[in-house]
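Asker: Pasting a structure below so you can have a look.
Nothing in this text is a laboratory measurement; each read-out follows from the coordinates by a stated rule. Everything numeric here is computed off the predicted structure, so don't read it as measured data. Methodologically, a virtual Cβ is constructed for each residue, glycine included, from the backbone with ideal geometry; neighbour enumeration extends over all protein chains shown.
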């Protein structure tokens, strides 16, 4: 798992004046918020937000985006609210976290995901980059662990690709598409022809 010092070092390499203390607070806050949560593999859930933040540092995004990557699941998966995030990390981070957080008041999965994609698209390139980095991290993990991804989640990932051209880093969309193709090849190997 990517440690906070690694994330800070990466950010400082391209943004020397980055607010390292805010990144550390976001890392600690997210880690604490996700304490006790596990992935189906048994790994701590916090591996995921740390991976998303790592991808965001590879894109050389600003401190707010790195912090939002670390915090992107706290509103959906914990008792923390967007207001809590905004109060602790400011409106830029809070706005990005709000943009990538589902509205749990929408019960229907497809409608909820459609609303989420529209919300992300309205928020702009940084939010799209965070959403795509989230998909890259999830798909890499699924491939590394041999994990199956439900069809409806794959459909959401494919629909998210429609935002690629509006992303700050469109290469992320190609990464998602490549990972989806790898997942499909793994889960649906070609059937050999009979001799």
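Asker: Counting residues in the stretch 126-195 as N, plug N into 2.2 N^0.38 Å and put the Cα Rg over that result.
Answerer: That works out to 1.22 for the stretch 126-195.
Asker: Let me ask something else. From the square roots a ≥ b ≥ c of the eigenvalues of the alpha-carbon gyration tensor of the stretch 44-85, which class results: rounded (a/c under 1.5), prolate (a/b over b/c), or oblate?
Answerer: Oblate is the answer for the stretch 44-85, as a/c is 1.5 or above yet b/c matches or exceeds a/b.
Asker: If you fit an axis through the alpha-carbon atoms of helix 4-14 and take the longest principal axis of the Cα set of the chain, what angle between them do you get, 0 to 90°, nearest 10?
Answerer: Helix 4-14 sits at roughly 80 degrees to that axis.
Asker: Let me ask something else about it. Please give the calculated 222 nm ellipticity per residue for the chain, where each DSSP H segment of at least 4 residues contributes -39500 (n - 2.57) and the sum is spread over every residue; nearest 500 deg cm²/dmol?
Answerer: -20500 deg cm²/dmol
Asker: Additional query: Exposure proxy check: 96, 143, 161 ranked by fewest other beta carbons within 10 Å?
Answerer: Least crowded to most crowded, the residues run 143, 161, 96.
Asker: Based on the alpha carbons, how large is the Rg to Rh ratio for the chain when Rh follows Kirkwood?
Answerer: Here Rg/Rh amounts to 0.98.
Asker: Right, next: If you take the alpha carbon radius of gyration of the stretch 1-87 and divide it by 2.2 N^0.38 Å, what ratio comes out, to two decimals?
Answerer: 1.03
Asker: Among 163, 1, rank each residue by its count of other Cβ atoms within 10 Å, from fewest to most, as a rough exposure measure.
Answerer: So the residues, fewest neighbours to most, are 1, 163.
Asker: Can I ask one more? Roughly how far apart, in whole Å, are the Cα centres of the stretch 28-53 and the stretch 133-174?
Answerer: Between the Cα centres of the stretch 28-53 and the stretch 133-174 lies a distance of 19 Å.
Asker: While we're on this one: In degrees from 0 to 90, rounded to the nearest 10, what is the angle of the helix 125-145 Cα long axis to the longest principal axis of the chain?
Answerer: For helix 125-145, the angle is close to 50 degrees.
Asker: Regarding the stretch 64-151, what whole-number volume in Å³ per residue does the convex hull of its Cα atoms give?
Answerer: 104
Asker: Ranked by Cβ crowding within 10 angstrom, fewest neighbours first, how are 2, 71, 139, 132 ordered?
Answerer: So the residues, fewest neighbours to most, are 2, 139, 132, 71.
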